[in-house]
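I have placed the structure first, in the form of structure tokens, so that the comments after it can refer back to it.
The values are calculated or read from the model by the stated rules, or taken from the named source; none is laboratory data. It should be emphasised that the depicted structure is a prediction, and the values quoted were computed from it without experimental measurement. No Cβ is skipped: glycine too gets one built from the backbone with ideal geometry, and neighbour counts run over all protein chains shown. SASA here: full protein model, heavy atoms, side chains in, ligands and nucleic acids out. Shrake-Rupley method; radii C 1.70, N 1.55, O 1.52, S 1.80 Å.
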Amino acid sequence: MDKREELTGLLSSFICHASSHLPDDVVARLKQMKEVENEGFAATIYDAMFENLKLADELKRPSCQDTGVIQFFVKVGTKFPYMDELADILKDAVLKATKEAPLRHNAVEVFDEKNTGNNTGYRIPWIDWDLVPGRDDIEVYLYMAGGGCSLPGFAKVLMPLEGYEGVVKAVFDQMTTYGVNACPPCLVGIGIAGSAEVAAKLSKKALLRPVGSHNPNPRAAMMEEEIEKGLNEIGLGPGGLRGKLSVMGVNIEQAARHPATIAVGMNTACWAHRRAGIRIGSDLSYEFFTHKGVTL
Amino acid sequence: MSTYELTMPVSDEDIKKLKVGDVIFITGTIVTGRDDVHHRVVKQGKKFPVDIKGKAIFHAGPIMKQNDDGSYKVVSVGPTTSMRMESAQAEFLAKTGCKIIIGKGGMGPKTTQGCIDNVAVHTIFPGGCAVIAAEEVTKVSGVEWLDLGMPEAAWILEAEKFGPLIVSIDSEGNNLIDENKVLFAERKGPVVERIAKKLDFLE
Ligand code: SF4
């Protein structure tokens, strides 16, 4: 087997595994939350969630039927030997995984309004590149952007006098309305920047950070904690059916802003937060760091 | 809060006894239909090709696998966001005689009125629990409108004790998720105010 085929196969298995298994940090947080949510509908739903994860593992099936639009966030070393082919390889891996998992067909061409039937399309899979000078390996994050959990997403530009308060208000408004439909408990990703597209992109990158991790800036970390605590007090419960908690966590990412704007972006990951991360060396050895102990 | 097992087709009497917060398990024919199915029936005026009088419409776009003999198997099928069907749902109920809507999240005032007028209920299947749902389907008896693509087609499923389905809109017009949203909105104000006080970072 040539190296290109080997890398395609590895990435395809990576996608398949992620479609039926949540990352370690998410499972650990959901277990903690299940202990607290021990009454009424909340308890019934948490039982169903864990039963579903067990079945998905046993039967090797995608745990949620909505396997999303496939997005990759890639940190690529500028000396990685397959850099030229990587975009094509990622696309081939999606085609292969779509058949093997199997994944739902989720790429609809805009304007033609036709489902391509193979999860690839114009600019899809979506690939976000970060170059890492001098390294010869890559770090690939996969995110399955489902419909329900993408619906609460938004970005808007506030005026500075609305302050960070405006950010909080916008997040709470969205979470108590649209958030209810996004299969809570969600992980909430918030981006704060100077313009809408930067804030939006950072809000998605925030979702790639582990549940329970904190922004290194102390004010940002405090804001994450306050929003998480506040949302939990509202008690959305699983599925918006009420409970003692609302969210798995809140992650914030920021970029320096323009003096005259504070832009906020928000994205939610549903409880079935299918995010996966793998580090692949130039010899194609790998570390599947979001799903410890898994061999692909 | 009661638990019921119902066999479809269901009667008006069966539906009238259901109240928000009840949990039901249903046996019989369930047909999937999302945005495009509702668009065809309501906006384009096409006749729904399956008789779902007294039966269930499932807001779901499944993953299906075709067997060697051409028949289909459900791999994974869970509820999708019901609110997307809000503008068309009431008319869909009137046109098809469907009695049970299955989805996730809430629906709005038009559907609530539709449930009163057509003696129907909206129910919630636990979101993201698509393998459980697939295992409760005993047979795929057909598919219509496959030209819409796998997730959008109308898949005709035979299910046994399909649930748990939490009744979220009943035929008297009670709406569980709406009530919850009112409560969430009330709780939100003071929480936002408290947090805001801690975030005056501007110099
Ligand atoms: S919000 Fe997430 S868990 Fe719910 S249906 Fe969509 S992808 Fe599945």
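Condition check ((1) within 14 Å of chain B (Cβ to nearest Cβ); (2) within 16 Å of the ligand (Cβ to nearest atom); (3) over 28 Å from A:GLY179 (Cα atoms)) across all residues:
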{"residue": "A:ASP88", "(1), (2), (3)": "no, no, yes"}
{"residue": "A:ASN118", "(1), (2), (3)": "yes, no, yes"}
{"residue": "A:TYR122", "(1), (2), (3)": "no, no, yes"}
{"residue": "A:ASP130", "(1), (2), (3)": "no, no, yes"}
{"residue": "A:PRO133", "(1), (2), (3)": "no, no, yes"}
{"residue": "A:ASP137", "(1), (2), (3)": "no, no, yes"}
{"residue": "A:MET144", "(1), (2), (3)": "yes, yes, no"}
{"residue": "A:VAL157", "(1), (2), (3)": "no, no, no"}
Inset, instruction - Check whether at least one residue in the stretch A:59-71 is among the aliphatic types (A, V, I, L, M) and within 14 Å of A:MET144 (Cα to Cα), and report yes or no. - result: yes
Inset, instruction - Run A:TRP129 past the list (1) out of contact with any strand residue (DSSP E or B) (no Cβ under 6 Å at 6 or more places or on another chain); (2) closer than 14 Å to A:PHE72 by Cβ; (3) surrounded by fewer than 15 Cβ atoms within 10 Å (Cβ to Cβ) and report the number of the one that doesn't hold. - result: (1)
Inset, instruction - State whether the residues of the stretch B:145-162 include one that is at positive phi and not in a loop (DSSP other than H, G, I, E, B). - result: yes
Legend entry - Residues (within 11 Å of chain B (Cβ to nearest Cβ), surrounded by fewer than 16 Cβ atoms within 10 Å (Cβ to Cβ) and not charged (D, E, K, R)) located in the stretch A:104-116: none
Legend entry - Test: B:VAL74 is in contact with a strand residue (DSSP E or B) (Cβ under 8 Å, 6 or more places away or on another chain), among the hydrophobic types (A, V, I, L, M, F, W, C) and away from the ligand (no atom under 16 Å from the Cβ): no
Legend entry - Top-ranked residue in the stretch A:58-79 [being open to solvent by 10 Å² or more (accessible area, probe 1.4 Å) and touching a residue at least 60 places away in the same chain (Cβ under 8 Å); ranked as nearest to A:ASP128 (Cα to Cα)]: A:PHE73
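Residue-wise test of (1) among the aliphatic types (A, V, I, L, M); (2) more than 14 Å from every other protein chain (Cβ to nearest Cβ).
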site	(1), (2)
A:GLU35	no, yes
A:TYR46	no, no
A:VAL74	yes, yes
A:THR78	no, yes
A:ALA93	yes, yes
Inset, instruction - Please work out which one of (1) closer than 30 Å to B:SER168 by Cα; (2) aromatic (Phe, Trp, Tyr); (3) open to solvent by 40 Å² or more (accessible area, probe 1.4 Å) is the condition A:PHE172 fails and give its number. - result: (3)
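Within the stretch A:196-207, can you find the residues that are of a type outside the set (Lys, Arg) and buried (at least 19 other Cβ atoms within 10 Å of the Cβ)?
Of everything in the stretch A:196-207, those that are of a type outside the set (Lys, Arg) and buried (at least 19 other Cβ atoms within 10 Å of the Cβ) turn out to be A:VAL198, A:ALA199, A:ALA200, A:LEU202, A:SER203, A:ALA206, A:LEU207.
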